[in-house]
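Working notes, structure below.
The values are calculated or read from the model by the stated rules, or taken from the named source; none is laboratory data. If you're wondering where the values come from, they're calculated on a predicted model, not measured in any experiment. Note that each Cβ is placed from the backbone with ideal geometry, even for glycine, and that neighbours are counted across all protein chains shown.
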Amino acid sequence: MIRRVLTAAAAVVVTALVATAPALGPAAAHAAVDQDPIRAAEYWLTDYGITKAWETTRGTGVKIAVIDTGIGRGPVEFDGAVAGGTDVSGAGSSDGRTPLGAVDKDHGSWVASLAAGRGTGPATGMIGVAPEAQLLSVSVAFGSAAQRPFSDQIAEAIRWSVDNGADVINMSLTTNVPDWPEKWDDAFLYAFEHDVVVVVAAGNRGSGTTRVGAPATIPGVLTVGGVDRSGKASVEASTQGITIGVSAPSEELIGVSADSTLVSWDGTSGAAPIVAGIAALVRAAHPELDANNVINRIIKTARPSTGATNVPDVLYGYGLVDAAAAVSASVPSVTANPMGSLEDWVRLYRRAPVAPLPEEPAAPVDVPALPDADPATRATSPLLPDRATVLYGTLPLLMATATAILVALGVTAAVRRIRLASRAPSR
């Protein structure tokens, strides 16, 4: 993840436009987009069909849960956007809006602003893909900032999001390993059984993720890869894997920090909420569709990438996401999640351990009693400071052990002789 703070000059221009934006009519507001440096920098709004999709819906009535470091309270872009929240780390506030972490505390705010930021005016400031959707802020903590195991946090975060009405869950995080804790099975199944679309980031090569890791490997989630501004797979801000569903911009993104600072940043952490926002647009436009068909519309309407060799491709998935087509195109319905079935996977790979077969008891062998050892023959050592320890502590145990070994060897030899005799041919 790469962060760049936008220039103060740009911020000054935005402030000036905000003062006049409320007086603009719809046509003038659209024309003013090109005049606002922040809104104009959001190239994905036009390049990926988002502004076109807004002619149908802007996400009203849909909730997106952002399981991340917390959505900041201060930015105007979140006014009226956050409908609720919680903390599952033990380190945050009860509403989930205290940014957590020493380095990535603004991460949750950047993610949320891409998904459903409100902007600062009709045609100014940072705006999200689904600017009328509601957000749920679920704060988690990583590394030393966490007071609970990360696996427990994620499991609880998913369940809380589902129970509080999430239609879409965004998880811009990775474990960098393909396997996931068993307790995640039930948590993700809980989301799927309650008709929730789960969108996750593929991870970034620049951060050491050479292949997708959990939760991007979990069947049923919509994993998002990243592309640069030209639509080619990002070298640093994406990765590869057969579970990638679609790709979205992951370079030259914009995010709003908890302190209202605007930053430019890279990573599939940003590509994921763009797709989560599109999922919210689809759900708002087609409330009759279940999660499986929402995902299906997104992947089936994706634009093929010129760099893809197969569909789905390990870099691009089914292609570059297209919001307008996902919202408006005619797509046949499906009865199963095209990204796979976690239930089937659990049935195949989480088998109950097989109990070991009972061993046949060995035949009893009579061993004659041995006479007690003569105490005078017991060895002593001048290297040990306490003679009593030698006589009545360690050495008797050693001698008993040696005796038992000799007896066992004798018994074994006797048993072998008996077996050989029984197998010998009669004459």
Filter result for VAL294 (touching a strand residue (DSSP E or B) at 6+ places or on another chain (Cβ under 9 Å) and not in a loop (DSSP other than H, G, I, E, B)): yes
Residues (buried (at least 23 other Cβ atoms within 10 Å of the Cβ) and either acidic (Asp, Glu) or touching an Asp or Glu at 6+ places or on another chain (Cβ under 9 Å) (or both)) located in region 120-130: THR120, ALA123, THR124, GLY125, MET126, ILE127, GLY128
Residues of region 259-283 satisfying the condition of being farther than 18 Å from PRO131 by Cβ and in a loop (DSSP other than H, G, I, E, B): ASP259, THR261, GLY267
Some residue of region 24-36 being buried (at least 22 other Cβ atoms within 10 Å of the Cβ), of a type outside the set (Phe, Trp, Tyr) and at pLDDT below 95: yes
Lone qualifier among GLY121, GLY101, GLY143, GLY70 - being of a type in the set (Gly, Ala, Ser) and at pLDDT 95 or above: GLY70
Conditions (1) at pLDDT 50 or above; (2) in contact with a Lys or Arg (Cβ under 7 Å, 6 or more places away or on another chain); (3) more than 30 Å from ILE50 (Cβ to Cβ): number failed by GLY307: (3)
Region 67-100 - residue that is of a type outside the set (A, V, I, L, M) and part of a strand (DSSP E or B) and, of those, farthest from the chain's Cα centre (by Cα): GLY84
Residue tally, condition under 25 Å from the mean Cα position of the chain (by Cα) and farther than 15 Å from GLY72 by Cβ, over region 105-131: 4
Verdict on ALA291 being closer than 24 Å to ASN176 by Cα and either in the same structural domain as ALA201 (by TED's automatic domain parsing) or at pLDDT below 95 (or both): no
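Quick grid of which residues meet (1) modelled with pLDDT under 60; (2) loosely packed, with under 11 Cβ neighbours inside 10 Å; (3) part of a loop (DSSP other than H, G, I, E, B):
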site: THR335; (1), (2), (3): no, yes, yes
site: PRO338; (1), (2), (3): no, no, yes
site: GLU343; (1), (2), (3): no, no, no
site: ALA355; (1), (2), (3): yes, yes, yes
site: GLU360; (1), (2), (3): yes, yes, yes
site: ALA363; (1), (2), (3): yes, yes, yes
site: VAL367; (1), (2), (3): yes, no, yes
site: LEU370; (1), (2), (3): yes, yes, yes
site: ALA373; (1), (2), (3): yes, no, yes
Residues of region 139-157 that turn out to be in a loop (DSSP other than H, G, I, E, B) and not charged (D, E, K, R), as a count: 6
Neighbours by Cβ (under 7 Å, 6+ apart or cross-chain): first from region 34-60, free of Cβ contacts under 8 Å to residues at least 24 places away in the same chain; second surrounded by fewer than 21 Cβ atoms within 10 Å (Cβ to Cβ) and acidic (Asp, Glu): ALA40/ASP34
